[in-house]
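See below for the structure under consideration.
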Amino acid sequence: MHAALAAAAELLRTARRVVALSGAGVSAESGIPTFRDAQTGLWARYRAEELATPEAFARDPALVWSWYAWRRALVARAEPNPAHHAMAALQRQLPHFTLVTQNVDGLHRRAGSTDVLELHGDITRVRCSAEGRIIRDYEEPAEGQGPPPCPTCGAPLRPDVVWFGEPLPLATLHRASAEAGRCQVLLSVGTSALVYPAAGLIPLAERAGATVVVVNPDPAAAPPGALYLAGAAGELLPRLVAAAWPEAAG
């Protein structure tokens with residue numbers, strides 16, 4: 001591990017362009033259940049895939065809104081962990097750093113990262129289901145009353161997340177792909193790298209000659225040829241940053 005950590009630190013220290021791809025494992029260390037974890041309490045009888053679709057929202061908007069209100073409450077109680085703060089430190093140290101996340105909890109921004117490319121949206125925001133406009137001023141309805149109306153057109157508001165069957169935001173995906181295609185290092189953290197199109201950023205970077213560094217407890221998350229650091233992101237990322245820039249850590 002020491003040799004792999006030192007090699008990864010040297011890669012980061014000398015790189016001009018770095019892309020980081022973060023997944024559910026990073027949020028899990030802040031106590032946020034991964035999307036496919038078993039539901040708890042009142043939601044135990046539902047599968048997440050049954051609620052996170054446009055069809056579910058059209059069929060029972062009150063149910064879907066209530067589920068997302070429950071998930072927003074989980075996120076509101078969570079705090080950024082050392083992995084989130086290490087990502088923010090990377091942005092401060094590197095000449096060009098792009099953070100791409102599959103997470104929807106906003107914890108990267110709360111930790112100080114800016115210009116985060118959120119492939120799947122942000123659960124803390126809502127938007128008009130008809131016009132797509134982000135709505136910041138709305139009143140949370142009582143339990144079971146369903147989503148509030150858009151103050152402009154009256155259509156029901158919905159979470160600003162990507163549901164099953166919906167495309168990722170095209171401009172965000174294009175920018176993430178462009179950055180992956182010209183980076184020297186792609187840092188994959190807390191993601192299985194199995195869900196596309198986000199997982200496609202890794203081979204895109206490899207074809208451009210980048211070195212892939214994987215931080216994950218599961219070795220299956222590391223493609224052949226990647227530099228693999230086995231362990232939790234909250235433990236390894238701060239060590240990686242400190243090894244790359246010891247003068248900043250001191």
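FYI, it's all coordinate maths here, none of it is from the lab. Since we're looking at a predicted model, the values are computed, not measured. Cβ atoms come from the backbone with ideal geometry, glycine included; neighbour counts cover every protein chain shown.
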Cα centre as origin, Lys/Arg/Asp/Glu Cβ charges: the stretch 128-250 dipole, Debye: 460 debye
At 222 nm, what helix-only mean residue ellipticity would the chain give, in deg cm²/dmol to the nearest 500, using -39500 (n - 2.57) for each DSSP H run of four or more? -10500 deg cm²/dmol
Which option, (1) 19.7, 70; (2) 19.0, 59; (3) 18.6, 63, is the value of Rg and Dmax of the Cα atoms in Å that was calculated from these coordinates? (2)
Return the sequence-ordered ³J(HN,Hα) values of the stretch 20-31 in whole Hz as given by the Karplus equation 6.51 cos²θ - 1.76 cosθ + 1.60 applied to θ = phi - 60°, using x for Gly and Pro. 10, 10, 10, x, 4, x, 5, 5, 4, 6, 9, x
At 7 Å along Cα-to-Cβ for each site, give me the label-to-label distance between Arg133 and Cys153 in nm. 0.9 nm
Cα axis of helix 2-14 to longest principal axis of the chain: angle in degrees, 0 to 90, nearest 10? 80 degrees
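Could you pull out the longest piece of the chain with no exposed loop trypsin sites (Lys or Arg not before Pro) in it, calling a site exposed if DSSP puts it outside H, G, I, E, B and it has at most 10 other Cβ atoms within 10 Å? If you can, show how the numbers build up before the last one.
Working: sites that count: Arg36, Arg45, Arg136.
Answer from the scan: 137-250.
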Relative contact order [Cα under 8 Å, 6+ residues apart], the chain, whole percent: 26 percent
Computed for the chain: size of charge dipole around the Cα centre, +1 on C-beta of each Lys and Arg, -1 on C-beta of each Asp and Glu, debye to nearest 20, value 460 debye
PRE reach from Glu50 (point 7 Å along Cα→Cβ): which of the stretch 60-99 fall under 19 Å by backbone N? 60-71
At most 13 other Cβ atoms within 10 Å plus a DSSP loop assignment makes a site exposed; report the longest stretch of the chain without any exposed GluC sites (Glu not before Pro). 1-130
Using amide H atoms built 1.01 Å from N in the peptide plane, name the residues 5+ places from Val126, or on other chains, whose amide H lies under 5 Å from its own. Ile135, Asp160
Report the semi-axes of the equivalent ellipsoid for the stretch 150-236 in whole Å, largest first, where each axis is √(5λ) for an eigenvalue λ of the Cα gyration tensor. 31, 17, 11
